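First the structure, then my questions, so here it is.
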Amino acid sequence: MAGTLYVVATPIGNLEDITLRALRVLREVDLIACEDTRHTARLLAHFNIHRPTTSYHEHNEAEKAERLLEKLESGLQIALVSDAGTPCISDPGYRIVRGAHQRGVRVIPVPGPCSFIAALSASGRASDAFTFLGFLPARKNARTAALDELAGEDRTSIFFESPERLLETLEDLERILGSRPLTIARELTKIYEELFSGTAREAVAHFSKKPVKGEVVLIVEPGASTPGSLDSLDLAVLRARIATLAQTLGLTKTEAVKQLARELNVSRRELYRRLIEDEER
Ligand code: SAM
């Protein structure tokens, strides 16, 4: 009979956050599949758990997943853990879980801490609908494009961010999305835990004081949900603004129109249409 794959959440900092069920499962399984065995060894040592571990986060992840799946098919009980929090949230563990489903191996979640859920729950930001976007792209152009997409987003957006890139991302956020309320949740459940609330500009001022350290979740509130109307706006004034944006920020005309549409919270397509109609008159 095939074994079972337990997907076990572990603490994101404070070890008291481990659940009783996670402890029992980790004590009972035949094998614990980890991102980094040295990291998980510290957790297991703290709770006096002595089970074999193996890393699934190696050079050849596909081959490693295959070997774990064979073990599951041969009847082993395996716990899948990540370095911190809930496994398979922006880490490669999902390959094993997907493979287990495909082969008819039972998958059991053992829920517990998750950084972005903890951040959202303590942020006071609108949480009835939200999008979790994982890590923002590291490259500037791709990151700008990802943030551009948020201009029309009417749900709260959540990202993981590295401390080294936080300031740059906040500057991009301010440039692209203006003064949206946001929360920066840093080092949750750890000694230097911090929940910062404010605008991107305020956050830049706050986090520029000293190097940002630790782990960070960024939560951005949606823009105004109903796009504004162009009816009351003077097209000559809009053209002048587009020229100024193009000149001062070095933007192409298309980019300047995009930027203006964001500033005014109007539909970019509608703004183009009005400008072209006006030109043809
Ligand atoms: N599995 C994890 C979870 O459930 O939250 C997330 C793994 S993801 C690869 C790692 C990212 O999670 C970090 O770069 C950081 O953005 C976020 N993170 C993890 N622990 C955190 C903490 N204690 N405080 C704030 N963010 C944290």
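Each value in this text was obtained by applying a stated rule to the coordinates, not by laboratory testing. Predicted, not measured: the structure shown is a model, and the values here were computed from it. As a convention, Cβ positions derive from the backbone with ideal geometry for all residues, glycine included, and neighbour counts pool all protein chains shown.
For region 235-280, go through all pairs of different Cα atoms, get the mean of 1/r, take its inverse, and jot down that Kirkwood value in Å.
10.4 Å
Also: Rounding to the nearest 20 debye, state how big the charge dipole of region 116-220 is about its Cα centre with +1 on each Lys and Arg Cβ and -1 on each Asp and Glu Cβ.
Taking the Cα centre of region 116-220 as origin, the dipole is about 260 debye.
Determine the distance separating the Cα centre of region 62-105 from the Cα centre of region 12-55; give it in Å without decimals.
When both Cα centres are located, 16 Å separates them.
Okay, moving on. For the chain, give the magnitude of the charge dipole about the Cα centre (Cβ charges: +1 Lys/Arg, -1 Asp/Glu; no others), in debye to the nearest 20.
The calculated dipole for the chain is roughly 280 debye.
What 222 nm value per residue comes from the helices of the chain, counting each DSSP H run with n ≥ 4 as -39,500 (n - 2.57) and dividing by all residues, nearest 500 deg cm²/dmol?
-13000 deg cm²/dmol
Which listed residue (Ala240, Ala65, Pro87) has the Cα farthest towards the positive end of the charge dipole for the chain, taking +1 on Lys and Arg C-beta and -1 on Asp and Glu C-beta about the Cα centre?
The one lying farthest along the dipole's positive direction is Ala65.
Full extension from Tyr94 to His59: what is 0.36 nm times the residue separation minus their Cα-Cα distance, to one decimal in nm?
Answer, rounded to one decimal: 11.0 nm.
In a GNM of the chain with a 10 Å cut-off on Cα contacts, which of Leu15, Leu26, Leu235 has the highest mean-square fluctuation?
Largest GNM mean-square fluctuation: Leu235.
For a label point 7 angstrom out from the Cα of Arg201 toward its Cβ, which stretches of region 166-183 have the backbone nitrogen within less than 16 Å?
170-182
Using r as the Cβ-Cβ distance of Ile108 and Arg165, and R0 as 45 Å, what FRET efficiency do you calculate, to the nearest 0.05?
Efficiency computed from Cβ-Cβ geometry: 0.80.
Please sort by residue number the chymotrypsin sites (Phe, Trp or Tyr not before Pro) in region 1-78 whose DSSP state is loop and whose Cβ has at most 16 other Cβ atoms within 10 Å.
Hits after loop and neighbour filter: Phe47.
Evaluate 2.2 N^0.38 Å with N set to the residue count of the chain, then give the Cα radius of gyration divided by it.
Ratio of Cα Rg to 2.2 N^0.38 Å: 1.27.
Further, regarding this structure: Through the Karplus equation 6.51 cos²θ - 1.76 cosθ + 1.60, θ set to phi - 60°, convert the phi angles of region 109-119 into ³J(HN,Hα) values in whole Hz; use x for Gly and Pro.
Result, rounded to whole Hz: x, 10, x, x, x, 8, 4, 6, 6, 4, 4.
Give me the distance in nm between label points sitting 7 Å out from Cα along the Cα-to-Cβ direction at Leu20 and Phe135, one decimal.
3.7 nm
Also, quick follow-up: Which ³J(HN,Hα) values in Hz, rounded to whole numbers, follow from the phi angles of region 196-211 under the Karplus curve 6.51 cos²θ - 1.76 cosθ + 1.60, where θ = phi - 60° and Gly and Pro get x?
These are the phi-based 3J(HN,Hα) values: 9, 10, x, 8, 4, 5, 5, 5, 4, 4, 5, 8, 7, 5, 8, x Hz.
Once amide H atoms are built 1.01 Å from N in the peptide plane, which residues 5 or more positions from Glu215, or in another chain, come under 5 Å H to H?
Excluding prolines and chain starts, which carry no amide H, the hits are Glu187.
Calculate one ³J(HN,Hα) per residue across region 172-182 by plugging θ = phi - 60° into the Karplus curve 6.51 cos²θ - 1.76 cosθ + 1.60, and present them in order as whole Hz with x for glycine and proline.
Calculated HN-Hα couplings, in order: 4, 4, 5, 5, 8, 10, x, 9, 5, x, 9 Hz.
If I model region 124-178 as equal point scatterers sitting on the Cα atoms and use the Debye formula, what is log10 I(q)/I(0) at q = 0.24, 0.29 Å⁻¹?
Values, matching the q order: -1.04, -1.36.
Right, here's the next one. Please identify every one of the trypsin sites (Lys or Arg not before Pro) in region 176-255 that sits in a loop by DSSP and has no more than 16 other beta carbons within 10 Å of its own beta carbon.
Filter output for region 176-255: Lys190, Lys209, Lys213.
Mean projection of the alpha-carbon convex hull of region 116-220 over all orientations, in nm²?
5.9 nm²
Give me, ordered by chain and number, the residues 5 or more places off Leu76 or on other chains with an amide H under 5 Å from its own placed amide H.
Excluding prolines and chain starts, which carry no amide H, the hits are Gly3.
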